[in-house]
Amino acid sequence: MSIASQSASSSAPSRPPLPFASRADSLVGSVIDSSVAMLAAYDHDIVKFGMGSPAPDMLPAADFARIANSVFTPESFTYGETQGEPVLIDALLNYLQETGQIPAEHFGNRDRIVITTGGMQGIDLGFKLFVSPGDLVLCEAPTYTNGSATALSYEAEIAEVPVDEEGMQVDALDEIVARAGRAPSVIYTVPTFQNPAGVTMSLARREKLLDFAHRHNSVILEDNPYGTLRFSGEDIPSLSQLSPNDPLIFGVRTFSKFVAPGLRIGWLDTDPELRGLIINAKQTMDSCTSLPTQHMVAKWLNDGNAETHVAHLRGSYGERKTTMTAGLERLFGEGIRSTDPDGGFFLWVTFNDETINTEDLLPVALEEGVAYIPGTAFSQTGDFTNALRLCFASAAPERIEEGLARLRRAVDKYTSTRSHARH
């Protein structure tokens, strides 16, 4: 039943149905984001492994409290340039250049950068520019479904590409495209410390993905929120680093994961020829990103805070990941399979007992005092019923230990209740 017909059936007879656009039926929302409101309904202590958010003790709040006093002026609270404040763009380019996050070909090219209101706005702008109704969009499975949901909001057709320990199975793309009967307009990928699996696309697969995109003239929407957060292993170049000045790579970045999500600041790194279109599209959304937060982040970067802070995050997140993987091994043993990422925020846990449904398990877990995101939230087709995502970045090691103990109790209670029900 469509949204319009639902509205009509639930309304008084005298009220005519609203004239919803066809895309309204494709607005599926986010289980991940909705979990914030869901947790507010519980008044007991909950260890929060659900949202992909840094723990409060990982946020440089004191830095920003100090900086605010020095940068806030009346001019900070007016409108700004849609593409972003020049002071932030320059500070960001300097930081990216100094830390080797962009190829030399991009150094100093201010026209590549557009400041966005969070990473999600960048994703939205990418799909807005490159997806028409009925277009094919390839997404990883599992994937960050806020991304695929955005593609659906522009009436795309989603085809899922399996993920393994080396990221997207790029060798499957030709068969998927042949089955669909057309090339994708966009390939959406989180290639580094993928959300939700935590895996990283290998260098060989990145090169194959670039070849595929060039053969089919498909845009790669490279969503890279976690790339700075490697705590072990060797760096792998981003797609834009592998193919500098490539017009088919639409890079989406954000300060949310390595600074603070409440800032709501991200950026795009794209072909300069797209800048005018991006500005036009952004002006239909918010005119400009918040000036006060842009000025604070610019000052924070210019003061040299970023490298020290990121180094601290890497050490802390590495310790937290190790705590979580060790705890899972101790408490669940052969009952699960878990990814073992070299960075980022997430572990992907799959129960070997395929009858365990993590959506059904969630209310039991919440009552026990632990939250996670069920695996079905990361697939448009409702797959991964026996899997879940855990965020190790959001809790200190001792809280991780407690949360895993609560999860173990919840699973025991869930399986015991099902066993009694069968008998």
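The values are calculated or read from the model by the stated rules, or taken from the named source; none is laboratory data. Keep in mind that this is a model prediction, so the values were computed, not measured. Because the Cβ atoms are built from the backbone with ideal geometry, glycine has one as well, and the counts that use them run over all protein chains shown. Ligands, DNA and RNA are stripped out before the accessible areas are found, and what is left, the full protein with its side chains, is counted by its heavy atoms. Shrake-Rupley method; radii C 1.70, N 1.55, O 1.52, S 1.80 Å.
Numbers at a glance
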read-out: Alpha-carbon spread of region 286-423, three principal axes, descending order, Å; value: 65, 37, 24
read-out: Value of [θ]222 nm, deg cm²/dmol, for the chain, DSSP H segments ≥ 4, -39500 (n - 2.57) each, nearest 500; value: -13000 deg cm²/dmol
read-out: Per-residue ³J(HN,Hα) for region 308-321, Karplus 6.51 cos²θ - 1.76 cosθ + 1.60, θ = phi - 60°, Hz, x for Gly and Pro; value: 5, 5, 5, 4, 5, 4, 4, x, 5, 5, x, 5, 5, 5
read-out: Solvent-accessible heavy-atom area per residue, rounded to whole Å², over region 284-423 at 1.4 Å; value: 41
read-out: Three-way shape call for region 43-155 based on the alpha-carbon gyration tensor, with the a/c threshold at 1.5; value: oblate
read-out: Proximal charge balance of His295 [Cβ under 15 Å; K/R count +1, D/E count -1]; value: -3
read-out: In Å², nearest 10: area of Val28 left accessible to a 1.4 Å probe; value: 80
read-out: DSSP beta bridges in the chain [antiparallel fraction, %, rounded to 5]; value: 50
read-out: Shape box of the chain [Cα atoms, principal axes, largest first, Å]; value: 68, 52, 52
read-out: Distant-in-sequence amide H partners of Val161 (H built 1.01 Å from N, under 5 Å); value: Cys139, Glu140, Ala141
read-out: Restricting region 291-386 to GluC sites (Glu not before Pro) in coil, as DSSP defines it, with at most 14 other Cβ within 10 Å; value: Glu354
read-out: For Ile249, residues with placed amide H under 5 Å, excluding near neighbours; value: Ile220
read-out: Formal net charge of residues neighbouring Val170 (Cβ-Cβ distance under 10 Å; K, R +1; D, E -1); value: -2
